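Shown next, in structure tokens, is the structure this report addresses.
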Amino acid sequence: MTLLAELTPMMKQYLEIKKDNPDSILFFRLGDFYEMFADDAKLASRELDLTLTSRDHGKHAKPEEERVPMCGIPYHASEAYIARLIAKGYKVAICEQMEDPRLAKGVVKREVIRVVTPGTLVETSMLDEGQNNFIASICPEGEQYGLAVADISTGEIHAAQFTDPDDSTLKNELSRFAPNEIVFHPAFLDKKEMAEFIRNRLSCCAECLREEQYDFSEAQRRVLEQFGKSDLSELSLDQRPLAVQAIGGLLDYLTETQMNGVDRLVSLDLYSESQFMALDLTARRNLELTETMRTGEKKGTLLWVLDRTRTAMGKRLIRQYVEQPLLSPAVIGRRLDAVDELYQDTMLRDTVRERLGGIYDMERLMTKIVFGNCT
């Protein structure tokens, strides 16, 4: 192995950045390409069907055994490749050139501007417009849980705290939100049955965060700062410490991976699991609420029958209605009254449908603006 002092300046820079992102495939910007090296290159070439080449990585590296494997993709086509890696459960760290190469003295300054994970996608091309892309955070203590669930592509974040002796409530909540990624407090590692449920039934990525990321004092500070409040009572979180820790841990993880864009989460939905009908994963599948048992398609489901929405935002909302059956007669009555008003007034209904037909996905467009990648 070539000593660090013998490496080219560019390879030194690559290894330093890679050291800070050991669990991600590093997309290292070189001109018009994202290049991958060493083990990342071998992995990417296999998963993306790319040609694996090599290059010298040291000043005196000439023998074939001293060449580092590499492969690359055009930066303008990166979304398609990132989507394939994310679908396979990998993380991708995007390392950009932070200065004009023509004006740089020495090695071009480069920084990781974002780590793309299954639960933090904001690119429209990688998302289903009719479905949320949730990431969940879990903080357990004895028989109690704090749960936070966010979709940074739409700017929504939900949180709850509940007592759950047999873990059934947590399983139901995770089944309801169907997150594509879960992060959790190290104490959750003791929940062997839950780990098996997440791995085998939810089939989503899961990662244990550091204990300090769920520290209550830091979590409280992050939550108050995020939502612009001076006291937890203003968010009705003063009696829900585990919910505070779950939200705080999630915010810390999002800040670490996204660098910016967390500002999009501006309002908190603090809910009680008793607001909605408890349906476990088996019941949801047998009822074929959003996908059929045989093919997993939308066609033939209850959602397929009901969904006549005209906007992407409407598609996601009616999906939430189907997945979260209400229990309160008063809330059910208000929803039915709203539906009845449009049902009884054909002209109003047709006018609303016509006007809605020209509206874009404002929720996700706002997120792209916050991230600075809106055309």
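The values are calculated or read from the model by the stated rules, or taken from the named source; none is laboratory data. Everything numeric in this text was worked out from a predicted model, so none of it was measured. Backbone-built Cβ (ideal geometry, glycine too); neighbour counts: all protein chains shown. Quick note on the areas: whole protein, heavy atoms, side chains included, nothing else; ligands and nucleic acids left out. Shrake-Rupley method; radii C 1.70, N 1.55, O 1.52, S 1.80 Å.
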Checklist entry - Quick one: what pairs do we get from the range 310-321, first residue buried (at least 16 other Cβ atoms within 10 Å of the Cβ), second part of a helix (DSSP H, G or I) and not aliphatic (A, V, I, L, M), C-beta under 9 Å, 6+ apart or different chains? => result Ala312/Glu363; Ala312/Arg364; Met313/Glu363; Met313/Arg364; Arg316/Glu363
Checklist entry - Going through the range 23-44 one residue at a time, which ones are at pLDDT 95 or above and either assigned to a loop (DSSP other than H, G, I, E, B) or of a type in the set (S, T, N, Q) (or both)? => result Ser24
Next on the checklist: Scan the range 322-344 and tell me whether some residue there is of a type outside the set (A, V, I, L, M, F, W, C), more than 28 Å from Ser168 (Cα to Cα) and not in a helix (DSSP H, G or I).
Outcome noted: no
Checklist entry - Across the range 272-308, which residue is nearest to Phe162 (Cα to Cα) among those that are open to solvent by 40 Å² or more (accessible area, probe 1.4 Å), of a type in the set (S, T, N, Q) and free of Cβ contacts under 8 Å to residues at least 40 places away in the same chain? => result Thr282
Checklist entry - Pick from the range 133-166 the residues that are assigned to a loop (DSSP other than H, G, I, E, B) and open to solvent by less than 20 Å² (accessible area, probe 1.4 Å): which of them is nearest to Leu232 (Cα to Cα)? => result Gly155
Checklist entry - Within the range 85-95, is there a residue that is touching a residue at least 24 places away in the same chain (Cβ under 8 Å), open to solvent by 20 Å² or more (accessible area, probe 1.4 Å) and on the phi > 0 side of the Ramachandran plot? => result yes
Checklist entry - Within the range 212-250, which residues are in contact with an Asp or Glu (Cβ under 9 Å, 6 or more places away or on another chain), among the hydrophobic types (A, V, I, L, M, F, W, C) and under 22 Å from Glu363 (Cα atoms)? => result Phe227
Checklist entry - So which of Leu365, Leu342 is closer than 17 Å to Asp128 by Cα and aliphatic (A, V, I, L, M)? => result Leu365
